[in-house]
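Q: Dropping the structure in here first, questions after.
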Amino acid sequence: MTLRALIFDVDGTLADTEQDGHRPAFNAAFAEAGLSWAWDETLYGELLRVTGGKERIRYYAAGHDPACAARPDFDELVRQLHRTKTRHYQELVGTGAIPLRPGVASLILEARSAGLRLSIATTTTRENVSALLEASLAPGSAAWFEVIAAGDCVAEKKPAPDIYRYTLAQLGLPAPACLALEDSWQGLTAALGAGIPTVVTVNDHSRDQDFSGALAVLPDLGAVDLAQLFRLHQAA
Ligand code: XBP
Ligand code: MG
């Protein structure tokens, strides 16, 4: 089937946002709330197994601070921490401190020129996606993406296929007419679960994960151009 749309994951695929973006934003939110929690790089690498910021906070609290997790206002605390974390993340990303990964901008520009439809399927929030695109791709570039499926718009986060099914429904396209770009096992599993052919670009967190079923596993998007992605998609 002819390729009609690219669906990009955000964290780890468009940019290495986790260790230098999300992690310090979580830590700033914990400090602001008077919590003594601090996520170092090693711990955060382990916590990335859990997708979604609120889910990650809950998982950490259950294992490391059960007294806090048992507080009657714990649900509200998690929501408040996540709101604060999102504010810190946007401030940080808004400075342009987190560049896009190699090949990302040129692929997006090439796909736009070729008339391919562009969309996003991510676990993070829509505001975070816009902040990154506007600061690190181009002002106004969030509008280049016809569908930005983000965060809590579905019940189950990756590796569940929900966010990709939602994206397909919004695009009005069948899965084989799309190509997903992902960086993690959770993301690949979500995209394949929705039947979408997927190319993986690995990063420091994901390079040892199992990417069975991917069309290709690449170091970054600088390793391919659009014509090669079309060929990979056609061979699927
Ligand atoms: C990866 C994630 C995200 C971020 C945090 O998302 O698991 O949860 O780490 O974002 P992606 P929030 O699907 O883009 O790879 O705190 O906004 O949830
Ligand atoms: Mg990702």
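The values are calculated or read from the model by the stated rules, or taken from the named source; none is laboratory data. Computed from a predicted model, the values in this text were never measured in an experiment. For neighbour counting, all protein chains shown are included, and Cβ atoms are generated from backbone atoms with ideal geometry for every residue, glycine included. These accessible areas exclude ligands, DNA and RNA; they are computed on the full protein's heavy atoms, side chains included. Shrake-Rupley method; radii C 1.70, N 1.55, O 1.52, S 1.80 Å.
Q: Report the dimensions of region 66-153 along its three principal axes from the alpha-carbon atoms, largest first, rounded to Å.
A: Result, largest extent first: 54, 26, 20 Å.
Q: Tell me which of 92, 178, 122 sits at the most positive position along the dipole axis of the chain, charges placed on C-beta atoms (Lys, Arg +1; Asp, Glu -1).
A: 178
Q: What translational D, rounded to a whole number of µm²/s, comes out for region 18-94 from Stokes-Einstein when the hydrodynamic radius is the Kirkwood one over Cα pairs, at 4 °C and 1.567 mPa s?
A: 104
Q: When each pair of different Cα atoms in region 146-201 is counted once in the 1/r mean, what is the Kirkwood radius in angstroms, to one decimal? Could the numbers behind the result be given before it?
A: On the way: mean 1/r = 0.0907 Å⁻¹.
Computed over Cα pairs of region 146-201, the Kirkwood hydrodynamic radius comes out at 11.0 Å.
Q: Can you return the lysines within cross-link range of residue 85? Criterion is Cα-Cα under 20 Å, with same-chain partners fewer than 8 residues away left out.
A: 54, 157
Q: State the three equivalent ellipsoid semi-axes of region 135-236, derived from the C-alpha gyration tensor as the square roots of 5 times its eigenvalues, in descending order and whole Å.
A: On the way: eigenvalues 79, 62, 50 Å².
The equivalent ellipsoid of region 135-236 has semi-axes of 20, 18, 16 Å.
Q: Write down the accessible area per residue of the chain in Å², having rolled a 1.4 Å probe over the full set of protein chains.
A: Spelled out: the 1.4 Å probe surface of the chain, per residue, equals 43 Å².
Q: Under the Kirkwood approximation for Rh and a Cα-based Rg, what ratio Rg/Rh is obtained for the chain?
A: Result: Rg/Rh = 0.97.
Q: Roughly what % of DSSP beta bridges within the chain run antiparallel, to the nearest 5?
A: 5
Q: Moving on. Sorted by packing (mean other beta-carbon atoms within 10 Å per residue), highest first, where do 121-128, 76-83, 172-179 land?
A: Highest-to-lowest ranking by the protection proxy: 121-128, 172-179, 76-83.
Q: How much of the accessible area of region 18-94, probe 1.4 Å, is carbon plus sulfur, in whole percent?
A: 50
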